[in-house]
Structure formats: C-alpha cells, structure tokens
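Here the structure is laid out as structure tokens; the discussion comes afterwards.
The values are calculated or read from the model by the stated rules, or taken from the named source; none is laboratory data. Predicted model, so just to flag it, every value in this text is computed and none were measured. For neighbour counting, all protein chains shown are included, and Cβ atoms are generated from backbone atoms with ideal geometry for every residue, glycine included.
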Amino acid sequence: MHPDHIVVPQRDDQRSLIRRLAGPVGTAVIAVGACSYLAVVDPNESGHYPVCPSRALLGIDCPGCGGMRGMYCLIHGDLAGAMSHNVLLLAIVPIAIIFWAIWLVRAIRGSYPEVTQRQFKARNRMLIGGLVVLLAFGVIRNFVPYLGSGV
C-alpha cells in the first residue's frame, strides 16, 4: 500500500464541543493572564515574585532560572534580553505553542489518532531526551558564564 493511502485509526471524543474545548481554552486563558501580569509587573524588581529555591539554597541556576525575566523580555520584544536570561526559553515557547495548537485542533475536530506501540515508544524517547537536555542545560549553564540567568 502506498504511504499516502495509510488509514490512521481514530478514536472519537463523544463529549460536547464546549467540554472538549475546556482544557485548551482554559490553558490559553491562564497563559494569557499570567503573561499579562508578567507584562506589567517587572520580575527584575525584587519583592514581586518568589526567589528560585536552587538559587537561594545552593547558589546555582536551575534550568528554569531566568525564565520569568526572559519571558518578560519576550513579551516586550527584547529577544536579546530573553536570550541573556534563559536561552532555552526560545526553544520551549514555540514548542509549547505548537503542542497547544495541535491540542486545540484535535479538540475542535473531536477525534484523536490512536497511538501505536511504536509512537508510544517514540514519545517516551522524546520525553527522556527532553529531560536529558534540561538536565544538561542546568549543569552546563553553571559552568559557562554567558549561559547564566543574567542576574
């Protein structure tokens, strides 16, 4: 059979459209609300946000250190500032938006492709790979000065 003619088994979501959209729309509302708050309350000024526990207790940057300051810079269009605070943020934000968009489209359609054993294993490998990248970034950024959180 030609690859263009492969039929992907689908499973239908029997819930109403409103129920299917609750997750992706709720997530978008929370994200927009958090970004709106972050846009007006500068994380570079002390006292507005909690201190990173690894930074406070151990004096080292975790993979997420600088994420709020970097997001503040992204919201205000400062790409260089975002890179200065957390370069990994520039990869994570677009990936998160793509995954959210896929989730939204599938919720609207009401059908989801069945996950094969091969896809399940591939997803596990991607998850483990992503965690390894986060861990490696967390370690490396404490040894390479320009990868620090820009504090």
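Of note:
- Single residue of region 85-98 satisfying the filter (over 9 Å from the mean Cα position of the chain (by Cα) and part of a helix (DSSP H, G or I)) that is surrounded by the most Cβ atoms within 10 Å (Cβ to Cβ): H85
- Annotation: of all residues in region 56-84 being surrounded by 18 or more Cβ atoms within 10 Å (Cβ to Cβ) and among the charged types (D, E, K, R), the one that is farthest from G33 (Cα to Cα) is D61.
- Among residues of region 122-135 that are over 17 Å from I92 (Cβ atoms), those with a beta-carbon under 8 Å from a residue that is outside any helix (DSSP H, G or I) and of a type in the set (A, V, I, L, M, F, W, C) at least six positions away or on a different chain give the pairs R123/V115.
- First in region 72-94 and under 18 Å from A31 (Cα atoms), second anywhere and in a helix (DSSP H, G or I) and of a type in the set (S, T, Y), Cβ under 8 Å, 6 or more apart: C73/S84
- When each of G138, G129, G110 is tested for being closer than 26 Å to A31 by Cα and touching a strand residue (DSSP E or B) at 6+ places or on another chain (Cβ under 7 Å), the lone residue that passes is G110.
- When S84 is tested against (1) touching a helix residue (DSSP H, G or I) at 6+ places or on another chain (Cβ under 8 Å); (2) under 30 Å from G23 (Cβ atoms), exactly one condition is not met: (2).
- Conditions (1) at pLDDT below 90; (2) in a helix (DSSP H, G or I); (3) surrounded by 15 or more Cβ atoms within 10 Å (Cβ to Cβ); (4) small (G, A, S); number of the one not met by A107: (1)
- Sole residue being closer than 24 Å to L134 by Cα, out of contact with any Asp or Glu (no Cβ under 9 Å at 6 or more places or on another chain), modelled with pLDDT under 85 and not β-branched (V, I, T), chosen from D61, D78, D12, D4: D61
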